[in-house]
Each structure stands twice: as C-alpha cells, then as structure tokens.
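Before any comments, here is the structure.
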Amino acid sequence: MPRAKKPSSRDPRAGQRYRPVAVHFWSDRKVRAMTRDEKLVWIFLLTSPLTEPIGVVRVSPGGLAVEVARDMPDEVARAALRRLEELGLCTVSPHGPLVVIHRMHLYQPPANPSVVKGWARIVRQIPPCEVLDRHLEDLYCYVSTLGKAYAQAALAWRPTESAQSPPRETQHATNTHHHHKQPPHPQS
C-alpha cells in the first residue's frame, strides 16, 4: 500500500492536524444566540485549514459558502459573516479576500518567541490593508504582554505607521475592547 504524501511546507495545512475548540464554545452566550448557519461559519473560521495562527483567513465572503458547505447558498454565508461582524467576533476586509478573527491569539497562544517571529512569513504573504494593520497592532500589543522576548520577536512583522492608519493612540483606543474582555469563545 502506498504511503500518504507528506504535505508540502508551502501547503497551509502542513504541520497542522487539528485545531482545538473548548467545550465552552457551546455555552457562550454569543454562540447560543447564533443560527445554525452562523455557528457553522464561526466554527469553520476557527478551525479551518485556511485559518492562519495569527487569526486571518484568506477567503472572500462569496468563497466562504463553497469552503464551508457545498450546499450553503452564497447569501446565507454572507449573512452569517455579517452577523459575526455585528457580534464583534471578526472583521471582513472590504479590499480583498481576508477575514480577521478577533482575539484568535487567546484561543491558541504562541508556544514561544520563535513562533511569534515565524508569523512574519504569514504576514508577508497577505496584501497589506487597514484591517490587517489594525489586527497586527492588536496582536503586537498582546504578544508584548508575554515578555520582552516575544515583543522583540514580533518586530519581524509588526506594521509600521502609515498615512492611512490612525495614530497609534487612537488605534489602541478603538481596539481596547479586543484586549480587556474575555474572549467570546472558547473560554467565556
């Protein structure tokens, strides 16, 4: 019997066999308020092989229906994604196929500073946009709380200030809710 082919290092699924979801997922008040389709889209975003460890999924709202369930109508997937945005769980970039999962780092924290430094490879593969820049700044604020070695490692991918991004103080103030609330999943 032939052996299964080992995934290429360029394959987004390489080295990642599973992504855990805590049992608290089902008792979270936001999840309990979701429709079946919204739950399916949310759990897909959290566990998909397309989801990067930094909390980004390179999928368009239209492509989401195809990825989640072949029989899910496009408009149903789009409506579910809009609802997840309303709940503050994710943000869809208006500039391209990118969904940012808020507080993904709390669901799957980095094991060590080398992991954080390795995120630079992921960041370089994603076209820059304001949604990504804000997410990376939030992520940088989080890893900075883990210690100096983590903050130093994050300098490999931390976005620089740009003309289209608000100043750092404003940006932090508008994203404060991402840092201080308990995550809506899975540990709520």
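Could you please find all residues in the stretch 98-121 being closer than 17 Å to residue 45 by Cα, out of contact with any Pro (no Cβ under 7 Å at 6 or more places or on another chain) and either surrounded by fewer than 17 Cβ atoms within 10 Å (Cβ to Cβ) or of a type in the set (Val, Ile, Thr) (or both)? It would help to see each step written out before you state the result.
Initially, the stretch 98-121 is screened for residues closer than 17 Å to residue 45 by Cα, giving 98-109.
The next check asks that each one be out of contact with any Pro (no Cβ under 7 Å at 6 or more places or on another chain); those that pass are 98-102, 104-105, 109.
Those that are closer than 17 Å to residue 45 by Cα, out of contact with any Pro (no Cβ under 7 Å at 6 or more places or on another chain) and either surrounded by fewer than 17 Cβ atoms within 10 Å (Cβ to Cβ) or of a type in the set (Val, Ile, Thr) (or both): 99, 100, 101, 109.
Return the residues of the stretch 131-147 that are of a type outside the set (S, T, N, Q) and surrounded by fewer than 17 Cβ atoms within 10 Å (Cβ to Cβ); say none if nothing qualifies.
Filtering the stretch 131-147 for residues of a type outside the set (S, T, N, Q) gives 131-143, 146-147.
147 - this is the single residue of the stretch 131-147 that is of a type outside the set (S, T, N, Q) and surrounded by fewer than 17 Cβ atoms within 10 Å (Cβ to Cβ).
Hey, does the stretch 132-146 have a residue that's on the phi < 0 side of the Ramachandran plot, assigned to a loop (DSSP other than H, G, I, E, B) and in contact with a strand residue (DSSP E or B) (Cβ under 8 Å, 6 or more places away or on another chain)?
Kept after step one, since they are on the phi < 0 side of the Ramachandran plot, are these residues of the stretch 132-146: 132-146.
Add one more test, that the residue is assigned to a loop (DSSP other than H, G, I, E, B), and what stays is 145-146.
In the following step, the residues that additionally are in contact with a strand residue (DSSP E or B) (Cβ under 8 Å, 6 or more places away or on another chain) were identified as none.
No; the residues of the stretch 132-146 include none that is on the phi < 0 side of the Ramachandran plot, assigned to a loop (DSSP other than H, G, I, E, B) and in contact with a strand residue (DSSP E or B) (Cβ under 8 Å, 6 or more places away or on another chain).
Sort out which residues of the stretch 68-86 are part of a helix (DSSP H, G or I) and either touching a helix residue (DSSP H, G or I) at 6+ places or on another chain (Cβ under 7 Å) or touching a residue at least 40 places away in the same chain (Cβ under 8 Å) (or both), and write them in order of number.
Start the filter on the stretch 68-86 by keeping residues that are part of a helix (DSSP H, G or I), which leaves 68, 74-86.
68, 74, 76, 77, 78, 79, 80, 81, 83, 84 - these are the residues of the stretch 68-86 that are part of a helix (DSSP H, G or I) and either touching a helix residue (DSSP H, G or I) at 6+ places or on another chain (Cβ under 7 Å) or touching a residue at least 40 places away in the same chain (Cβ under 8 Å) (or both).
Take the residues of the stretch 88-97 that are free of Cβ contacts under 8 Å to residues at least 60 places away in the same chain and in a loop (DSSP other than H, G, I, E, B): which is surrounded by the fewest Cβ atoms within 10 Å (Cβ to Cβ)?
In the first step, residues of the stretch 88-97 are kept if they are free of Cβ contacts under 8 Å to residues at least 60 places away in the same chain; the result is 90-97.
From what is left, the residues that are in a loop (DSSP other than H, G, I, E, B) are 93-97.
Working: 93: 19, 94: 9, 95: 12, 96: 13, 97: 17.
This residue is 94.
Selection of the stretch 44-68 for residues being β-branched (Val, Ile, Thr) and surrounded by fewer than 18 Cβ atoms within 10 Å (Cβ to Cβ) yields 47, 66. You will find that of 105, 178, the residue that is within 15 Å of residue 53 (Cβ to Cβ), assigned to a helix (DSSP H, G or I) and modelled with pLDDT under 95 is 105 and no other.
Looking at the stretch 88-97, which of its residues are on the phi < 0 side of the Ramachandran plot and modelled with pLDDT under 90? Give the derivation first.
Pass one, the stretch 88-97, residues on the phi < 0 side of the Ramachandran plot: 89-95, 97.
Once the filter is applied, which keeps residues that are on the phi < 0 side of the Ramachandran plot and modelled with pLDDT under 90, the stretch 88-97 yields only 95.
Has the stretch 21-38 got at least one residue that is part of a helix (DSSP H, G or I) and within 27 Å of residue 129 (Cα to Cα)? Spell out the reasoning first.
Just the residues of the stretch 21-38 that are part of a helix (DSSP H, G or I), to begin with: 23-27, 29-32, 36-38.
Within this subset, residues satisfying the condition of being within 27 Å of residue 129 (Cα to Cα) are 38.
Yes - at least one qualifying residue is present in the stretch 21-38.
Residue-wise test of (1) modelled with pLDDT of 80 or more; (2) within 16 Å of the chain's Cα centre (by Cα); (3) not charged (D, E, K, R).
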residue	(1), (2), (3)
16	no, yes, yes
23	yes, no, yes
26	yes, no, yes
47	yes, yes, yes
52	yes, yes, no
58	yes, yes, no
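Return the pairs, sorted by first residue and then second, in which the second residue is of a type in the set (Gly, Ala, Ser), the first residue lies in the stretch 31-52 and is within 19 Å of residue 74 (Cβ to Cβ), the beta carbons are less than 6 Å apart, and the residues are 6+ apart or on different chains. Once the first residue is within 19 Å of residue 74 (Cβ to Cβ) and sits in the stretch 31-52, its partners that are of a type in the set (Gly, Ala, Ser) give 37/80; 38/80; 41/80. A single member of 38, 85, 75 is at pLDDT 95 or above and surrounded by fewer than 17 Cβ atoms within 10 Å (Cβ to Cβ), and it is 85.
Within the set 100, 115, the sole residue that is out of contact with any Asp or Glu (no Cβ under 6 Å at 6 or more places or on another chain), closer than 21 Å to residue 20 by Cβ, assigned to a strand (DSSP E or B) and modelled with pLDDT of 90 or more turns out to be 100.
The values are calculated or read from the model by the stated rules, or taken from the named source; none is laboratory data. Remember, it's a predicted structure, so these values are computed and weren't measured experimentally. Note: ideal-geometry Cβ built from the backbone for every residue, glycine included; neighbour counts use all protein chains shown.
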